[in-house]
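Trainee: A single structure is presented below for examination.
The values are calculated or read from the model by the stated rules, or taken from the named source; none is laboratory data. Every value quoted in this text rests on a predicted model; they were computed, and no experiment measured them. Here Cβ is always computed from backbone atoms with ideal geometry, including for glycine, and neighbour counts include all displayed protein chains.
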Amino acid sequence: MDLSEVSNNQNRHPWELSRTRSILRILEKMPMEGNVLDIGCGDSYFDRRFVARFPNVQVYGVDINLQEELHDGNVHAVNSLEHLPKRKFNYILMMDVLEHIEDDTAYLTDILKYLASNGKVLITVPAFMKLYSLHDRELHHYRRYEHQSLLKVIKKSGLVEEQWSYFYFSLIIGRLITMNRTENLSGWNYAETDLKTKIVSNILNADFDILTFLSKCGIHLPGLSLLSVCKLK
């Protein structure tokens, strides 16, 4: 979760639960080892789930809004790239980060100096400028992305895309309805074990799985978000 949305409410929004589960499923298909760099780690919720799934991996998160550094087992979080250990990372995660950066190409290019030569980069961004909303403005997003606009950034930074897909087709109508309304992921009032949370999460999980599968078949349906997995040229 973005630190700007963190509150005393400990409930996790189904969107965050589903994205965490779904990204972990993507990563499960890769030889997960070594060190992972999570840019824009927020409150480290994803990173804790990550090391629970991959206990032999060290995860280092970076978030400029972090007030205190975290070092808890295999989960680390700092507020500056300068505070990272001097090493290369096998994987770099940038989940909903690039839209916050004015010069996204220069930023991604700079981040790649931390990537091992055979490493992978996983990127997610909000999709389609036509869906740019009040919520985007409140979170200081410069843009949303179509696949071609993200691919342009990826290529200019020195990466080659291996796979991509949109996800959360089911949320597009909801976004169109709420374009001018304030949203906050911390406003979900039901626990992870609540039936309402499970139903919504399962719908989003199925959405992600279907769009990912169709993308592998060359069929790219639109979605509220966009995912890309890349490697160095």
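Trainee: Return only the number of the condition from (1) assigned to a helix (DSSP H, G or I); (2) touching a residue at least 60 places away in the same chain (Cβ under 8 Å); (3) in contact with a Pro (Cβ under 9 Å, 6 or more places away or on another chain) that Leu151 does not satisfy.
Mentor: Every listed condition holds for Leu151 apart from (3).
Trainee: Out of curiosity, is Tyr168 touching a Lys or Arg at 6+ places or on another chain (Cβ under 6 Å), touching a residue at least 12 places away in the same chain (Cβ under 8 Å) and surrounded by 15 or more Cβ atoms within 10 Å (Cβ to Cβ)?
Mentor: No, not satisfied.
Trainee: Ok, one more. What is the number of the single condition among (1) assigned to a helix (DSSP H, G or I); (2) surrounded by fewer than 14 Cβ atoms within 10 Å (Cβ to Cβ) that Thr193 does not meet?
Mentor: Result: Thr193 passes all but (1).
Trainee: When Asp96 is evaluated against the numbered criteria (1) of a type outside the set (Ser, Thr, Tyr); (2) modelled with pLDDT of 95 or more; (3) crowded, with 16+ Cβ neighbours inside 10 Å; (4) at negative phi, which criterion, by number, is the only one it fails?
Mentor: (4)
Trainee: Look at the range 204-224 and say how many of its residues are in contact with a Ser or Thr (Cβ under 7 Å, 6 or more places away or on another chain) and surrounded by fewer than 15 Cβ atoms within 10 Å (Cβ to Cβ).
Mentor: 1
Trainee: Sticking with this one: I'm checking my understanding of the structure. Among residues of the range 73-93 that are polar (S, T, N, Q) and either in contact with a helix residue (DSSP H, G or I) (Cβ under 7 Å, 6 or more places away or on another chain) or surrounded by 14 or more Cβ atoms within 10 Å (Cβ to Cβ) (or both), which one is nearest to Gly158 (Cα to Cα)?
Mentor: Here the residue is Asn90.
Trainee: What residue, of Phe208, Phe167, is in contact with an Asp or Glu (Cβ under 7 Å, 6 or more places away or on another chain), closer than 19 Å to Leu17 by Cβ and aromatic (Phe, Trp, Tyr)?
Mentor: Phe167
Trainee: Would you check if Ile111 is of a type outside the set (Lys, Arg), more than 20 Å from Ser215 (Cβ to Cβ), surrounded by 19 or more Cβ atoms within 10 Å (Cβ to Cβ) and in contact with a helix residue (DSSP H, G or I) (Cβ under 9 Å, 6 or more places away or on another chain)?
Mentor: It is true that Ile111 is of a type outside the set (Lys, Arg), more than 20 Å from Ser215 (Cβ to Cβ), surrounded by 19 or more Cβ atoms within 10 Å (Cβ to Cβ) and in contact with a helix residue (DSSP H, G or I) (Cβ under 9 Å, 6 or more places away or on another chain).
Trainee: Going by the conditions given, is Ser201 more than 18 Å from Leu150 (Cβ to Cβ) and surrounded by 19 or more Cβ atoms within 10 Å (Cβ to Cβ)?
Mentor: Judged against the criteria, Ser201 is a match.
Trainee: Looking at (1) of a type in the set (Phe, Trp, Tyr); (2) modelled with pLDDT of 95 or more; (3) more than 19 Å from Leu98 (Cβ to Cβ), which is the one condition that is false for Tyr166?
Mentor: (3)
Residue by residue, here is whether (1) hydroxyl-bearing (Ser, Thr, Tyr); (2) touching a strand residue (DSSP E or B) at 6+ places or on another chain (Cβ under 9 Å) holds:
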site: Val121; (1), (2): no, yes
site: Pro126; (1), (2): no, yes
site: Glu138; (1), (2): no, no
site: Tyr145; (1), (2): yes, yes
site: Ile154; (1), (2): no, yes
site: Ser165; (1), (2): yes, yes
